[in-house]
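S.K.: Just dropping this structure here.
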Amino acid sequence: MVTEKKLRTDEYKNEEYVLTPAADIYETKEEYRLKLEMPGVSREDLSVTLDNNELIIEGKVHDTIPETGKLKYAEYSLYNYYRAFRVGEDIDRNKIDATLENGILTLTLHKAEEAKPKKIEVKIA
């Protein structure tokens with residue numbers, strides 16, 4: 001089972017403002033799939049960590065203002081991302097996949113064999 005660890009979007013981490021990325025969670029018989037919006041984050045600046053039963057996702061966004069230019073006016077703010085989820089014992093810790101495409105992080109958490117539904121054969125007595 002995957003549940004969100006309760007955080008607020010205005011919490012500070014290392015005294016810098018971070019955003020909680022929007023997320024969708026899907027469940028099938030085989031896996032959980034999480035999709036998180038993290039625009040502006042590159043693969044090199046993304047960290048996904050599973051520590052005990054806590055899945056931690058962190059992304060850093062870098063400012064792209066040219067060194068020769070001078071910012072005259074700004075409405076767009078760049079913030080880093082942070083989100084944490086609690087995961088149950090039904091997750092196979094060795095089968096977690098992560099892909100980042102067009103600002104969308106997709107995590108696939110495969111269920112452990114013991115947690116998958118099993119068909120029980122009924123025999124004639």
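S.K.: Inspect all residues belonging to the stretch 103-110 and state whether any of them is without any contact (Cβ under 8 Å) to a residue 60 or more places away in the chain and either in contact with a His (Cβ under 8 Å, 6 or more places away or on another chain) or surrounded by 11 or more Cβ atoms within 10 Å (Cβ to Cβ) (or both). First the steps, then the outcome.
M.R.: Here is the first cut: in the stretch 103-110, the residues without any contact (Cβ under 8 Å) to a residue 60 or more places away in the chain are none.
Scanning the stretch 103-110 turns up no residue that is without any contact (Cβ under 8 Å) to a residue 60 or more places away in the chain and either in contact with a His (Cβ under 8 Å, 6 or more places away or on another chain) or surrounded by 11 or more Cβ atoms within 10 Å (Cβ to Cβ) (or both).
S.K.: Would you check if G59 is modelled with pLDDT of 90 or more, in contact with a Pro (Cβ under 9 Å, 6 or more places away or on another chain) and surrounded by fewer than 16 Cβ atoms within 10 Å (Cβ to Cβ)?
M.R.: When the stated conditions are applied, G59 does not pass them.
S.K.: When you check T99 against the structure, is it surrounded by fewer than 11 Cβ atoms within 10 Å (Cβ to Cβ) and under 17 Å from the mean Cα position of the chain (by Cα), yes or no?
M.R.: yes
S.K.: Moving to a separate point now. Which members of the stretch 53-102 meet the condition of being small (G, A, S), free of Cβ contacts under 8 Å to residues at least 12 places away in the same chain and under 20 Å from V41 (Cα atoms)?
M.R.: A74, S77
The values are calculated or read from the model by the stated rules, or taken from the named source; none is laboratory data. In this text, all values refer to a predicted model and were calculated from it rather than measured experimentally. Every residue, glycine among them, receives a Cβ derived from its backbone with ideal geometry; neighbour counts consider all protein chains shown.
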